[in-house]
1. Out of L101, L67, which single residue is modelled with pLDDT under 95 and in contact with a helix residue (DSSP H, G or I) (Cβ under 8 Å, 6 or more places away or on another chain)?
2. Hey, can you tell me all the residues within region 86-106 that are of a type in the set (V, I, T) and either assigned to a strand (DSSP E or B) or on the phi > 0 side of the Ramachandran plot (or both)?
3. Identify the single condition in (1) touching a helix residue (DSSP H, G or I) at 6+ places or on another chain (Cβ under 7 Å); (2) touching a residue at least 40 places away in the same chain (Cβ under 8 Å); (3) among the hydroxyl-bearing types (S, T, Y) that T107 does not satisfy, given that it satisfies every other one.
4. Return the residues of region 5-22 that are under 21 Å from Q190 (Cα atoms) and under 13 Å from the mean Cα position of the chain (by Cα); say none if nothing qualifies.
5. Any chance region 89-101 includes a residue that's of a type in the set (D, E, K, R), open to solvent by 40 Å² or more (accessible area, probe 1.4 Å) and over 15 Å from the mean Cα position of the chain (by Cα)?
6. If you go through region 31-42 one residue at a time, do you hit one that is hydrophobic (A, V, I, L, M, F, W, C), at pLDDT below 90 and open to solvent by 50 Å² or more (accessible area, probe 1.4 Å)?
7. So, restricting to helices (runs of 4 or more DSSP H) that lie completely within region 111-192, which ones have at least 1 residues that are in contact (Cβ under 8 Å) with a residue 40 or more places away in the chain and under 16 Å from F8 (Cβ atoms)?
Amino acid sequence: MAAPGKCFLITGPPGVGKTTLVMKVFERLRLSHPNLNIRGFYTREVRQGGERVGFEVVTLDGRRGSLASTTTSSPESIRWPAVGKYKVDLASFESLALPELEVKNHTDLFIIDEVGKMELYSSSFFPSVLRVLESNIPILATIPIPKFGRDIPGVARVRNHPGAVVYTLNKGNRDQINEEVYSQLVNVFQKQ
């Protein structure tokens, strides 16, 4: 079971800056603690002509692949699960994200952006997230805010995990939460 205060979850409405906050904390940690071994991935919007047409998964070392798209025309995409107008490319997502979630002794921090509906279509993703949670290695992750008061079951399980500290982001508290999460992580690393 994760120790209290080693699992930092960022939530909030879409577009509030969850990914941006996580990446700012990651960049600060890389500068202040260059010897940390940080593994994981983040998701990034794909835009064409100012319109969002999908998302890609990006590993922390810069490898990229499709997560979801409205513009895919590959024959296999007919069988891909859909979230709203997006078709989820599970094979691409899993090929990049799952190796980043392998629990290894020399990992100091996992970054998971995000544990959400698209990612949870992967039958291998949530078990990997649970292994990371149980590893006692610090985690910085983003989760969606419950929609209409209902949480996605996998997200609820992460949110309610012992040791999880949940920060609800809004436009007014982004800088404060950024500083608090960074400070909390530095504190965790100093105790190890």
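The values are calculated or read from the model by the stated rules, or taken from the named source; none is laboratory data. Model, not experiment: these values are computed from the prediction. Cβ placement follows ideal geometry from the backbone for every residue including glycine, while neighbour counts extend to all protein chains displayed. Accessible surface areas use protein heavy atoms only, side chains included; no ligands, DNA or RNA. Shrake-Rupley method; radii C 1.70, N 1.55, O 1.52, S 1.80 Å.
1. Details: L101 fails: modelled with pLDDT under 95.
Sole residue among the options that is modelled with pLDDT under 95 and in contact with a helix residue (DSSP H, G or I) (Cβ under 8 Å, 6 or more places away or on another chain): L67.
2. Residues of region 86-106 that are of a type in the set (V, I, T), as a first pass: 88, 103.
Selection gives V88 alone.
3. Tallying (1) touching a helix residue (DSSP H, G or I) at 6+ places or on another chain (Cβ under 7 Å); (2) touching a residue at least 40 places away in the same chain (Cβ under 8 Å); (3) among the hydroxyl-bearing types (S, T, Y), T107 fails exactly one: (1).
4. Restricting attention to region 5-22, the residues satisfying the condition of being under 21 Å from Q190 (Cα atoms) are 5-9, 22.
Once the filter is applied, which keeps residues that are under 21 Å from Q190 (Cα atoms) and under 13 Å from the mean Cα position of the chain (by Cα), region 5-22 yields C7, F8, L9, V22.
5. To start, the set of residues in region 89-101 that are of a type in the set (D, E, K, R) comprises 89, 94, 100.
Imposing the further condition that a residue be open to solvent by 40 Å² or more (accessible area, probe 1.4 Å) reduces the set to 94.
Applying the additional criterion that residues be over 15 Å from the mean Cα position of the chain (by Cα) yields none.
No, region 89-101 contains no residue that is of a type in the set (D, E, K, R), open to solvent by 40 Å² or more (accessible area, probe 1.4 Å) and over 15 Å from the mean Cα position of the chain (by Cα).
6. Here is the first cut: in region 31-42, the residues hydrophobic (A, V, I, L, M, F, W, C) are 31, 36, 38, 41.
Within this subset, residues satisfying the condition of being at pLDDT below 90 are none.
No, region 31-42 contains no residue that is hydrophobic (A, V, I, L, M, F, W, C), at pLDDT below 90 and open to solvent by 50 Å² or more (accessible area, probe 1.4 Å).
7. Numbers: elements: 117-120, 125-134, 153-159, 174-191.
In region 111-192, 125-134, 153-159, 174-191 are the helices (runs of 4 or more DSSP H) which contain 1 or more residues that are in contact (Cβ under 8 Å) with a residue 40 or more places away in the chain and under 16 Å from F8 (Cβ atoms).
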